[in-house]
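Derivation of every value follows stated rules applied to the coordinates shown; laboratory data play no part. For clarity, every value in this text was computed on a predicted model and none was experimentally measured. Quick reminder, even Gly has a Cβ in these numbers, built from the backbone with ideal geometry, and neighbours come from all protein chains shown.
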Amino acid sequence: MTDTFKPEFDAMLRDGRSVHVRPIHLTDEAELLQAFERLSPDARYMRFMRPVRELNMDRARRRLAALVESGVGIVATVPAEDGLDIVGTALCVVGTDPMCGEFAITVAGNYAGAGLGKTLMRTLIERAHRRGLQEMEGFVLSANTPMLRLASSLGFSVARDPEDPSVKICKLRLADA
């Protein structure tokens, strides 16, 4: 059996647009900041679970370095006048339990509903499993029905957070994915 793993690839979305999916790099910092700035206030709220007007660059740099070192980070890019734009990110941060990672995903508003989220999550699941993680979990606002539907469609269990009724906990055993 041959290994068909590709570190980067082009993906065709349901609406006919194409994106390039690849691992996140330390050099993506400026493009990640631009991607954040293009997010609507509602999208920022759904992603960060609180109002966020600007990105804390020191924290973002530490998170980016940690992802490259010990987590899994993926970006979807498209050509742009300045070179490229990041239109989606999927991250899996390893915390105190080295076998479990917490996922987070962001899709640019003009790419929502085109299948980019599913492409990114499937890729993130595969890469987290390859990295040796056994489980992924994510904390999703109960109002974020598109993300909850996506998680359910990919086999994640979805349960109410006992500490916060406005949050759902999505979990996936990677061996079952």
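Within the same chain, aspartates and glutamates fewer than 8 places from LYS168 are excluded, and of the rest, those with a Cα less than 15 Å from its Cα are GLU102, GLU137. Looking at segment 1-74, the chymotrypsin sites (Phe, Trp or Tyr not before Pro) that sit in a DSSP loop and have at most 16 other Cβ atoms within 10 Å of their own Cβ are PHE5. When the GluC sites (Glu not before Pro) in segment 40-136 are filtered for DSSP coil states and for at most 14 other beta-carbon atoms within 10 Å of their beta-carbon, the remaining sites are GLU54, GLU81. Note on ASP176/ALA112: beta-carbon distance plugged into 1/(1 + (r/R0)^6) with R0 of 30 Å gives a FRET efficiency of 0.65. Against the 2.2 N^0.38 Å scaling, with N counting residues, where does the chain land? I'd like the Cα-based Rg ratio to two decimal places. Ratio of Rg to 2.2 N^0.38 Å for the chain: 0.99.
Stretching ARG59 away from VAL93 to a fully extended chain increases their span by 10.9 nm, per 0.36 nm per residue minus the current alpha-carbon distance.
Between VAL167 and SER18, the C-beta separation translates, for a Förster distance of 35 Å, into a calculated FRET efficiency of about 0.55.
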